[in-house]
Amino acid sequence: MSAPLSETKGSGPAAGGASNAQANTNVLEGNAEGQSEPKRRQKNMTRAQRRELQESQRAAKAADAEKGGERGGAKGKSTAKPSEAHRSASGAPGRPRRPTESGDTPSRATFTSSRSAGRDARDSTYGGDDGNTQTRGLRIFSHFGLPKAPSNVKGDIHPAIIRLGLQFSTFRITGANARCIATLTAFKTVIQDYSTPPNTTLSRHLMTHLNPQINHLVTARPMAVSMGNAIRQLKLEISNSDIDMPEQDAKDLLCRKIDNYIRDRIIFADQVIQDSAGQKLRDGDVILTFARSSVVEKVLLRAHGDGKRISVIVVDSRPMLEGKHLLSVLTSAGIPCTYLLLPALGSVIGQASTVLLGAHSLHADGAVYSRAGNALVAMLAKTHSVPVLVCCETYKFAESVILDGFTKNELAPTGDIFRTLPSVIRRDRLTLDPSPNLEIRSPLYDLTPPTNITAVVTEVGIIPPNSISSVPLTLGRQATYNSASVFDGV
């Protein structure tokens, strides 16, 4: 009886140890198989399947990051314990995935869901539900400048600059001349309220104080060429300020130089352009113009004031409809006018004797960058042998070259594109149903090639478009001759 008992006691631990060792071996083999299973599964995948798997992994990571950002304090927990979808997508070796019914290859539903998840992640990256701040559809227009009111003011921004930025973003101030004058006037207020810190000089520290003001205006709306040239001239005057001059005298001197710049480069320049362009107008001429240019408006009023019997065709376009303001000014002055929209231009272009256009900027190759629609007007005028005169001040000259209106542009506010249609049309028939596939885009500018322009009327004379490169040389001689009166005659 004792012998069998001793054998049982002796063989029990040995048998238990052998069984434990065998169990451990099976567990290790199972783990090794679990670790190598995703590798074998990926090795059996096709290239398209591996690409879909990578997209699902990226989408899962992006979704996990968004969830972590929304939870805030729970971000650490989400990092320590990732979701099951993240584990299954990344193929973690600690917990192998179950094989699908069709074998090691993932099912079609997995790739469909990953494809939709990747598409949703891309849509959330490039656009959202708010169409006013983000573009939802065509990414080819994503580089166009979109005016927006700065939500939060960063840095020491003067209240006059904040007010001006709001006026720019809401298009209450439009036009190159109006924006430039408003900017320089606001800078006069900033300079007068400026105080030089101790151990610094006005000529060095004032420019660092103006840079945040300029950046704020650029955030509200992209800077015009006229504004850039004026700000560049202002910085030059600041750098040339006498460091031994009292601070208040130096600020007064800078403000007077700003007034001189507005007077000489804008006001006096417009008066000279009025005389030069008015000499090209005769009694009985039919003048065609597009939208509204302040200098063209002055030319027409000056010609009418000189007793010339002229009539004006005002061509306009949505959504800005700036020609309405020009139409009201001309009709109030007693000038007979005809008003039409841009699509009807072809029916009246043959009646015009001269086309007068404004300009946002004038480039070195003779191309004119102006309100969208000018290029079409100039092209049709050339087709019908109608001379095209562009009225432009020389401070709008840019040494750069733009090949088209797509490389650099802005977006006009859409507003209500049906507001000018007759009231007899039912409003519900004009309403555009919101759709994710519908996007309304109104580029603000276009480029008129020099081949469609007859001449450019400036304060230094009437210049053919192929000779625009001589404008800086002419301005250099004029600035040297009038340096005492323009910049120092204060």
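The values are calculated or read from the model by the stated rules, or taken from the named source; none is laboratory data. As the structure is a prediction and not an experimental result, all values here were calculated from the model. Here the Cβ positions follow ideal geometry from the backbone for every residue, glycine too, while neighbour counts run over all protein chains shown.
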Legend entry - Test: residue in segment 264-285 that is in the same structural domain as ALA378 (by TED's automatic domain parsing) and assigned to a strand (DSSP E or B): no
Inset, instruction - Test each condition in (1) free of Cβ contacts under 8 Å to residues at least 40 places away in the same chain; (2) within 19 Å of SER293 (Cα to Cα); (3) surrounded by 14 or more Cβ atoms within 10 Å (Cβ to Cβ) for MET227 and report the one that comes out false. - result: (1)
Legend entry - Among residues of segment 344-386, those that are farther than 20 Å from PRO319 by Cβ and not in a strand (DSSP E or B), counted: 22
Legend entry - Lone unmet requirement of (1) more than 25 Å from PHE397 (Cβ to Cβ); (2) not in a helix (DSSP H, G or I) for ALA250: (2)
Inset, instruction - Looking at (1) among the aromatic types (Phe, Trp, Tyr); (2) in contact with a strand residue (DSSP E or B) (Cβ under 6 Å, 6 or more places away or on another chain); (3) within 30 Å of ARG232 (Cα to Cα), find the lone condition where TYR339 falls short. - result: (3)
Legend entry - Which listed residue is assigned to a loop (DSSP other than H, G, I, E, B) and under 27 Å from SER400 (Cα atoms), from PRO212, PRO222: PRO222
Legend entry - Complete set of residues in segment 431-483 that are in a helix (DSSP H, G or I) and at pLDDT 80 or above: PRO450, THR451, ASN452, PRO465, ASN466, SER467, ILE468
Inset, instruction - Looking only at segment 241-264, decide whether some residue is over 18 Å from GLN192 (Cβ atoms) and buried (at least 20 other Cβ atoms within 10 Å of the Cβ). - result: no
